[in-house]
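These notes are about the structure you will find just below.
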Amino acid sequence: MKGEKPGPLLYAELASELEDLAARGLARKRRLLESPQGARVTADGRDYIAFCSNDYLGLAAHPELIEAAREGAARYGVGAGASHLLLGHSAAHHELEERLAAFTGLPRALLFSTGYMANLGAVTGLLARGDAVFADRLNHASLNDAALLSRADFRRYPHLDLAALGRLLAASRARRKLVVTDGVFSMDGDVAPLPELVDLCERHDAWLLLDDAHGFGVMGPGGRGTPAHFKAASPRVIYMATLGKAAGVFGAFVAGAPEVVEALLQRARPYVYTTATPPLLAHALVKSLEILEREEWRRERLRDHVRRLRERLRPGSWTLLRSDTAIQPVVIGDSAKAVAAAEALARAGLLVPAIRPPTVPRGTARLRISLSAAHETGDVERLADALNALQ
């Protein structure tokens, strides 16, 4: 009956489901971070070297960004107070959008609160029934959710199998076709072959939505992302990147042709119906873009850390996946063994997360090592030695 409290059976079912998660080694727990984000953190009352954040360039606690945030708060206040289309679109947001468009070399950019919302907004704002989405099987969950919400025909192709993608595109009679892919895959660390994807989209009259959350700021000259890395520019590319990883702050944006961005401004529900992010963050991000451009040494140092880790890790019972990016996955297979390895590293003062299904396919539980320019050479060597001792 209406107004009735949920019966105890509902809670019993939930409790049983949670117990099953724990029994299968899939339950997740939060650590309590008590310090700024960085290579060295204090969590749950203990100091660690952290290899578990996406702060790839060590900007999350950069003094210049902290000062820019203070300046932004003094100038614009704390909250935006309204959605962008009411009275929440501040001069700080507008300047950041213009800077992001110039930074990426694309005509126009639109800010979103998060990468998840940006992907939901981009796909659902452009597609509907009668259209089609073609997605790499290892894409981020937000791209899959976006495809389902769009009500377009949703087809997935095996990871990086461009021949399979070509067949799907050729067979489709959809009104609009959209290929969606990670630029740098968040759990494997490999990179999508952007030039070949662009070529397929041109041959089959499709858009390409590139989720460059883990490429922006890290890949390409000046950190301009995967397209700059490959020198692959195309009007068919709709570019999404996040601003809370390598850029060190918060938020996301979609950039592309003026018609695409204007359509999203008018129709993307996660943009239209959401209070704008605090303008102080946009003000800080303008400073972040300046640092990304001028401090190439951060990307060079990160690349050195990747090489050092891969050279120092010895082959063993685990598999280090092929990756030249900051994401270095060590596949263990069994979820319980991955958790045990992460716990052993934590006891040694090293935080490396165990990633388990459904985030990764069944049987591929892993340690996901995230390297940062903020790490010291000795930190990387210590991690490699600890991993070698555990195998």
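The values are calculated or read from the model by the stated rules, or taken from the named source; none is laboratory data. Fair warning: this is a prediction, and the values are worked out from it, not measured in the lab. Cβ: placed from backbone, ideal geometry, glycine included. Neighbour counts: every protein chain shown. For accessibility, only protein heavy atoms count, side chains too; no ligands or nucleic acids. Shrake-Rupley method; radii C 1.70, N 1.55, O 1.52, S 1.80 Å.
Do the conditions hold for GLY189, that is, is it crowded, with 17+ Cβ neighbours inside 10 Å and assigned to a loop (DSSP other than H, G, I, E, B)?
Values: crowded, with 17+ Cβ neighbours inside 10 Å: yes; assigned to a loop (DSSP other than H, G, I, E, B): yes.
Answer is yes for this residue.
The test for being over 14 Å from ALA241 (Cβ atoms), within 16 Å of the chain's Cα centre (by Cα), open to solvent by less than 40 Å² (accessible area, probe 1.4 Å) and of a type outside the set (Ser, Thr, Tyr) holds for ASP55.
Looking only at helices (runs of 4 or more DSSP H) that lie completely in the range 272-391, which have at least 3 residues being open to solvent by less than 20 Å² (accessible area, probe 1.4 Å) and closer than 19 Å to GLY215 by Cβ? The qualifying helices (runs of 4 or more DSSP H) are 279-294, 296-312. Whenever a residue of the range 254-270 is touching a residue at least 12 places away in the same chain (Cβ under 8 Å), its partners that are in a loop (DSSP other than H, G, I, E, B) and hydroxyl-bearing (Ser, Thr, Tyr), lying with C-beta atoms within less than 9 angstrom and at least six residues away or across chains, give the pairs PRO270/SER113; PRO270/THR114.
Regarding GLY72, is this residue crowded, with 16+ Cβ neighbours inside 10 Å, on the phi > 0 side of the Ramachandran plot and either not charged (D, E, K, R) or not in a helix (DSSP H, G or I) (or both)?
On the way: crowded, with 16+ Cβ neighbours inside 10 Å: yes; on the phi > 0 side of the Ramachandran plot: no; either not charged (D, E, K, R) or not in a helix (DSSP H, G or I) (or both): yes.
Taking the combined requirement at face value, the residue does not satisfy it.
The single condition among (1) more than 20 Å from the chain's Cα centre (by Cα); (2) surrounded by fewer than 22 Cβ atoms within 10 Å (Cβ to Cβ); (3) not in a loop (DSSP other than H, G, I, E, B) that GLY79 does not satisfy is (3). Given the structure, is LEU265 surrounded by 21 or more Cβ atoms within 10 Å (Cβ to Cβ), outside any loop (DSSP other than H, G, I, E, B) and in contact with a Phe, Trp or Tyr (Cβ under 9 Å, 6 or more places away or on another chain)? No, not satisfied. The number of residues in the range 131-151 that are open to solvent by 10 Å² or more (accessible area, probe 1.4 Å) and either part of a loop (DSSP other than H, G, I, E, B) or touching a Cys at 6+ places or on another chain (Cβ under 8 Å) (or both) comes to 5.
Across the range 1-25, which residue is modelled with the highest pLDDT among those that are part of a loop (DSSP other than H, G, I, E, B) and over 20 Å from ALA338 (Cβ atoms)? So the residue we want is GLY7. Counting only residues that are farther than 27 Å from ARG224 by Cα and either polar (S, T, N, Q) or assigned to a strand (DSSP E or B) (or both), the range 152-186 holds 6 of them.
For the criterion of being in contact with a helix residue (DSSP H, G or I) (Cβ under 8 Å, 6 or more places away or on another chain) and over 25 Å from GLU381 (Cα atoms), PRO357 passes.
If you take the residues in the range 215-243 that are open to solvent by 40 Å² or more (accessible area, probe 1.4 Å) and assigned to a loop (DSSP other than H, G, I, E, B), which one is nearest to TYR56 (Cα to Cα)? Before the answer, list the steps.
Of the residues in the range 215-243, the ones open to solvent by 40 Å² or more (accessible area, probe 1.4 Å) are 221, 224, 229-231, 233, 235-236.
Remaining after also requiring assigned to a loop (DSSP other than H, G, I, E, B): 224, 231, 233, 235-236.
On the way: ARG224: 14, LYS231: 22, ALA233: 25, PRO235: 29, ARG236: 28 Å.
Restricting to residues being open to solvent by 40 Å² or more (accessible area, probe 1.4 Å) and assigned to a loop (DSSP other than H, G, I, E, B), the top hit is ARG224.
Only residues that are exposed (fewer than 14 other Cβ atoms within 10 Å of the Cβ) and under 23 Å from the mean Cα position of the chain (by Cα): list them for the range 34-52, please. Hits for the range 34-52 are SER35, PRO36.
LEU96 is checked against (1) open to solvent by less than 20 Å² (accessible area, probe 1.4 Å); (2) under 19 Å from the mean Cα position of the chain (by Cα); (3) hydrophobic (A, V, I, L, M, F, W, C); (4) within 21 Å of PHE250 (Cβ to Cβ) and fails just one. What number does that condition carry? LEU96 satisfies every listed condition except (2).
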